[in-house]
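The numbers here are math on the coordinates, done by the rules we state, and not lab data. On a predicted model such as this, the values are computed, not experimentally measured, just so you know. Every residue, glycine as well, gets a Cβ built from its backbone with ideal geometry; the counts of neighbours run over all protein chains shown.
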Amino acid sequence: PLYLFVEKQQVNTALLPFLNDSKKVAPRRREEIAKKIHETAVDISIVSLSPEEIDMRNIYAATMEAMYRAVRNLKIQPQAVIVDAVPLHFSVPSLSLVHGDAKSASVAAASIVAKVHRDHLMDEYDKVYPGYGFSRNKGYGTAEHIEAIRTLGITPIHRKSFEPVKSMVNGTYL
C-alpha cells in the first residue's frame, strides 16, 4: 500500500521530533502520530494494489503505479509532490529523496500512516488466516511465518513472485 497526504499550511510542530522512518518509531507512538496526522491532514489518499497486480508488475513498478494513483486520488490537487526514493513525474513540481523519511517530515508522516494502516490490515488478516502470525510478524518472512506457509499453505494474500513463496509455487523450495 501507499499513502500520500497533504498537510495543512501549518505543520504540527509537536509531531516533528517523532517523525522518522516508521520502522524506527515504536508501535504505540506510530499509532498516536498516525491519529494526529489523520486529524490534521487536509487530504489523505490510500492506495493498495492486490498481490496479483504486484506479482504481475514487480514490486518497483507496482510501487510507482501506487504512487501515481495516490496522487490522482487526492481530492485536493497538490502544489508539489515529495516521494521517498522513486523518481516520478507529475504536472506539479516533484522531488524524489533517497531516505526521504529521514529528510522530509511529509515523507516521514506518510511512512508512518502507511505502516499503521498496513499493521491494522495484518491484524485483520490474522483473524481471516489464523496460524500465520500476521498480527505478530506483520507479513514479513519470519521463521514462524515461513513455517506456517509450509504447514498451512499459501493464502490469497501471499505474493507469488516473492521468495520463498515463489519457490514453493514452482516446487523448487527445499
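Under 5 Å between amide hydrogens, built in the peptide plane, is the criterion, and for residue 82 it picks out 95 among residues at least 5 positions away or on other chains. The 3J(HN,Hα) values that the Karplus relation (6.51, -1.76, 1.60; θ = phi - 60°) gives for the stretch 134-139 are, in residue order, 4, 5, 8, 8, 6, x Hz. Gly and Pro appear as x. Evaluating 6.51 cos²θ - 1.76 cosθ + 1.60 at θ = phi - 60° for every residue in the stretch 152-165, the Karplus couplings come out as 9, x, 8, 9, x, 8, 6, 7, 6, 8, 9, 6, x, 4 Hz, glycine and proline recorded as x.
In this simple spin-label approximation, residue 154 and residue 35 carry label points 7 Å from Cα along the Cα→Cβ vector, and these lie 3.9 nm apart. Only Lys, Arg, Asp and Glu carry charge here, each on its Cβ (+1 for the first two, -1 for the last two); on that basis the chain has a dipole of about 180 debye about its Cα centre. Only alpha carbons enter this Debye calculation for the chain, each as an equal point scatterer, and the log10 of I(q)/I(0) it gives at q = 0.11, 0.20 Å⁻¹ is -0.52, -1.36. The stretch between residue 69 and residue 56, if pulled fully straight at 0.36 nm per residue, gains 3.0 nm over its current Cα-Cα span. Among the trypsin sites (Lys or Arg not before Pro) in the stretch 17-105, those placed in a DSSP loop whose Cβ has at most 15 other Cβ atoms within 10 Å are 75. Which of the listed residues, 87, 133, 110, is farthest toward the dipole's positive end in the chain, when Lys, Arg count +1 and Asp, Glu count -1 at the beta-carbon? Most positive-ward Cα: 110. Taking a point 7 Å from the Cα of residue 172 along the Cα-to-Cβ direction, the residues of the stretch 49-71 with backbone N closer than 19 Å to it are 55-59. Summary value for the stretch 111-150: 31 percent relative contact order, contacts being C-alpha pairs under 8 angstrom separated by 6+ residues.
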